[in-house]
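The structure appears below as structure tokens.
The values are calculated or read from the model by the stated rules, or taken from the named source; none is laboratory data. Please read all numbers here as calculations on a predicted model, not as lab measurements. With ideal geometry, Cβ positions are generated from the backbone for all residues, glycine too; neighbour counts draw on all protein chains shown. Calculation scope for accessible area: heavy atoms of the full protein, side chains included, ligands and nucleic acids excluded. Shrake-Rupley method; radii C 1.70, N 1.55, O 1.52, S 1.80 Å.
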Amino acid sequence: MRFDILTLFPGMFSGPLSESIIKRAIQSGRITVALHDIREYTTDRHRTADDTPYGGGAGMVMKAEPLAACIRAVLAMPHGAVAGVAPVILLSPDGQLFTQRVAAELAQYERLVLVCGRYEGVDERVREVLIDRELSIGDYVLTGGELAAMVVLDAVARLVPGVIDAASITEESHSDGLLEYPQYTRPAVWEGRAVPPVLISGHHGEVARWRRRQRLQRTLARRPDLLVRAALTDEDRAYLRTLGWCGDDAP
Ligand code: 4FM
């Protein structure tokens, strides 16, 4: 899978791309990350990428021409044998909330174009003409879309086959709508605190039941809103009722 990232600050990506799982995914060729400096597409002597807003107001707006030229140049770069669809995605607080579901949807593409906004906005005409989709990683305002693009890249890349162990993807939080069970590793006793004995018992059925109940307990305590959409069995519901759940949590 190929990620094209359009940014005024390509240097912000060198750390995250050169460590751990993403580094290995790039080295193995499972993902390709191409950084594009929007400033390279300016044409004036001062390499101006932003300007003051029409109508007045605070801050600066990203100019249409360099950003549009950059997006068009990137879309004209071929990728692999098939020229598949590559959605152009702007990271901004105005976007649709980026969730695990959206990550799974994006992982189906051969290529993503991630546009990092900066300053107080992007000229609206670029959005209208060249942006297919806007995504937000949460209800807060960053200084630019770069960190959000890294979040999207990280969450999507790990869903690409071979990037991480396949079992961890299906087992993890949010894939079936429940939070994860607590994990323990050696030593069996740490600072006087023992690992739950069931995990050392060797009874696989009991371990599975304990873990399921831990997940239900934890989801009820921390994210009761998730229970409305979670895949629950009759036994899950019966257990949750023993914990005081009445099945009416607002989403
Ligand atoms: C601010 C990008 C203004 C573009 C930013 C404009 C953000 C977020 C974010 C900064 N991106 N989720 N939250 N970006 O704050 O994705 Cl126009």
**Accessible surface, the chain, averaged per residue in Å² (probe 1.4 Å)** = 58 Å²
**Message:** For a bin width of 10 Å, list the pair-distance distribution of the chain built from all Cα-Cα distances, rounded to whole %.
**Reply:** 6, 24, 26, 20, 14, 7, 2, 0
**Asked** GNM on the chain, C-alpha springs below 10 Å: top fluctuator among P53, P16, P78?
**Response** P78
**Request:** Determine the order of K63, K23 by accessible area, beginning with the largest, at a probe radius of 1.4 Å.
**Result:** K23, K63
**Message:** Tell me whether segment 36-107 comes out rounded, prolate or oblate; compute the Cα gyration tensor, take square roots of the eigenvalues as a ≥ b ≥ c, and use a/c under 1.5 as the rounded threshold.
**Reply:** oblate
**Message:** If you average the C-alpha positions of segment 186-251 and of segment 113-181 separately, how far apart do those two centres end up, in angstrom?
**Reply:** 29 Å
**Prompt:** Using r as the Cβ-Cβ distance of R193 and D154, and R0 as 30 Å, what FRET efficiency do you calculate, to the nearest 0.05?
**Reply:** 0.40
**Message:** If the elastic network links every pair of Cα atoms under 10 Å, which of R215, R193, R241 fluctuates the most in the Gaussian network model of the chain?
**Reply:** R193
**Message:** Which of A25, A208, A155 ends up with the largest GNM mean-square fluctuation for the chain, with Cα atoms connected below 10 Å?
**Reply:** A208
**Message:** Taking 0.36 nm per residue of sequence separation and subtracting the Cα-Cα distance, how much length would be gained by fully extending the chain between Q183 and S28, in nm to one decimal?
**Reply:** 52.8 nm
**Heavy-atom accessible surface of segment 101-251: percent carbon and sulfur, 1.4 Å** = 51 percent
